[in-house]
1. Quick check, is Val131 without any contact (Cβ under 8 Å) to a residue 60 or more places away in the chain and farther than 13 Å from His97 by Cα?
2. Report yes if some residue within the range 61-84 is under 30 Å from Ser128 (Cα atoms) and either among the hydroxyl-bearing types (Ser, Thr, Tyr) or buried (at least 18 other Cβ atoms within 10 Å of the Cβ) (or both); otherwise report no.
3. Does Thr5 fit the bill of being in contact (Cβ under 8 Å) with a residue 60 or more places away in the chain and hydroxyl-bearing (Ser, Thr, Tyr)?
4. Can Ser30 be described as modelled with pLDDT under 95 and either open to solvent by 70 Å² or more (accessible area, probe 1.4 Å) or out of contact with any helix residue (DSSP H, G or I) (no Cβ under 9 Å at 6 or more places or on another chain) (or both)?
5. If you check Arg34 against the conditions, is it under 17 Å from Val88 (Cβ atoms) and among the basic types (Lys, Arg)?
6. Enumerate the pairs (first residue in the range 138-157 and under 15 Å from Gln113 (Cα atoms); second residue anywhere and at pLDDT below 90 and open to solvent by 80 Å² or more (accessible area, probe 1.4 Å)) with beta-carbon separation below 8 Å, excluding pairs fewer than 6 apart on the same chain, so at least 6 apart or on different chains.
7. Kindly list, by first and then second residue, each pair from a residue in the range 82-95 that is closer than 13 Å to Leu40 by Cβ to a residue that is open to solvent by 60 Å² or more (accessible area, probe 1.4 Å) and not hydroxyl-bearing (Ser, Thr, Tyr), limited to pairs with Cβ atoms under 6 Å and residues at least 6 apart or on different chains.
8. Which count do you get for residues in the range 16-75 that are without any contact (Cβ under 8 Å) to a residue 40 or more places away in the chain, in a strand (DSSP E or B) and not basic (Lys, Arg)?
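The values are calculated or read from the model by the stated rules, or taken from the named source; none is laboratory data. None of the values given here were measured: they were computed from a predicted structure. Every residue, glycine as well, gets a Cβ built from its backbone with ideal geometry; the counts of neighbours run over all protein chains shown. The accessibility values were calculated without ligands, DNA or RNA, using every heavy atom of the protein model including side chains. Shrake-Rupley method; radii C 1.70, N 1.55, O 1.52, S 1.80 Å.
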Amino acid sequence: MGDPTTDRLEAIIAPVVAEAGYDLEELKVSKAGRRSLVRLLVDRQGGVNLDAVAEVSRLVSKALDEAEETGGPFATGAYTLEVSSPGVDRPLTLPRHWRRNVGRLISVRIGDQTVTGRVKEADDRGVSLEVAGETSTVTYGELGAGRIQLEFSRSDAAEDEKE
């Protein structure tokens, strides 16, 4: 069980985010002077753009304001709401993170070694990775947290565009 304020906020925010079609990836609450700072990370299949961030921010703000009218978590003070999407440096830990990154180059610990490869497929059981031209399937239990590797130019992407 976490912090009571965070738990109360999650009970208000999570259903709103889910109903809008997004996943609540992270919720953090911290003090910023007399205010509380509420930071949300949201994502969904296909990614999140600025319009999506604005939509979620509006919906969550409305839900928090309605909760305040009935003695919500900020009844004694003001809050600032920040909504954003996870960056590319966010670790891939859940099946949905891996599914959203099919085709991307990642680095991940498998057993006692770290490998860099391309995510070919991902489902609820595991991930198919292409490493050094060989594709293998690894279960989530065998994987550590994956990290996306930034590619500034991808030679096979240029070949794909020609076809």
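1. yes
2. yes
3. Yes: the conditions hold for Thr5.
4. Criteria met by Ser30.
5. Here the answer is no, as Arg34 does not meet what is asked.
6. Arg147/Asp89
7. These pairs meet every condition: Glu82/Arg39.
8. 4
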